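Undergrad: Can you keep this structure in mind? I'll have questions shortly.
The values are calculated or read from the model by the stated rules, or taken from the named source; none is laboratory data. None of these values were measured; they are calculated from a predicted model. Ideal geometry is used to build each Cβ from the backbone, glycine not excepted, and the neighbour counts take in all protein chains shown.
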Amino acid sequence: MAWNEKVLNLMNERNINQKQLSQLSGINESSISRYLHSGQKPRMDVVVNIAKALQVETEYLLDEGETTESAYNTISTAIARKGGELTAEEKNQLIALLIGKDGNV
């Protein structure tokens, strides 16, 4: 998936419009629109600001082919950042997902 499609999907998931993304990222709204609709990748500092505004890793936005390694990095970073906020039940659910239905790791 192209980086701009990922940004648009994240905006939809978070119910954020272009103006709000502009405010959160510090990037003017016309630039946001150009990047989202042209598919042109912006400078790295712009990608970093957009990633921070959407609370994702820059790697996620730039990686056009999701690999096991990049998926692992995205997930492990999210858990490291927010793991302390999970309830015991949520932690157990994550462990169960990792172990799988057959009980093997």
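Undergrad: Out of the residues in segment 64-99 that are part of a loop (DSSP other than H, G, I, E, B) and modelled with pLDDT of 75 or more, which is farthest from the chain's Cα centre (by Cα)?
TA: First, the residues of segment 64-99 that are part of a loop (DSSP other than H, G, I, E, B): 64-67, 86-87.
From the residues that got through so far, the ones that are modelled with pLDDT of 75 or more too are 86-87.
On the way: L86: 19, T87: 22 Å.
Result: T87.
Undergrad: If I go through segment 12-29 residue by residue, how many of them are in a helix (DSSP H, G or I) and either within 10 Å of A53 (Cα to Cα) or of a type in the set (S, T, Y) (or both)?
TA: Just the residues of segment 12-29 that are in a helix (DSSP H, G or I), to begin with: 12-14, 18-25, 29.
Narrowing further to those that are either within 10 Å of A53 (Cα to Cα) or of a type in the set (S, T, Y) (or both): 20-25.
Selection size over segment 12-29: 6.
Undergrad: Test each condition in (1) closer than 30 Å to I95 by Cβ; (2) surrounded by fewer than 15 Cβ atoms within 10 Å (Cβ to Cβ); (3) within 14 Å of the chain's Cα centre (by Cα) for E5 and report the one that comes out false.
TA: (1)
Undergrad: Every residue in segment 21-57 that is on the phi > 0 side of the Ramachandran plot and of a type in the set (K, R), please.
TA: Step one: filter segment 21-57 for residues on the phi > 0 side of the Ramachandran plot, giving 26, 39, 55.
The answer is none; no residue qualifies.
Undergrad: Still on this structure, I have one more. Return the residue satisfying two criteria in turn: it lies in segment 42-58 and is exposed (fewer than 14 other Cβ atoms within 10 Å of the Cβ) and assigned to a helix (DSSP H, G or I), and of such residues it is modelled with the lowest pLDDT.
TA: Narrowing segment 42-58 to residues exposed (fewer than 14 other Cβ atoms within 10 Å of the Cβ): 43-45, 55.
Restricting the remaining residues to those that are assigned to a helix (DSSP H, G or I) gives 44-45.
Working: M44: 86, D45: 89.
Looking at residues that are exposed (fewer than 14 other Cβ atoms within 10 Å of the Cβ) and assigned to a helix (DSSP H, G or I), I get M44.
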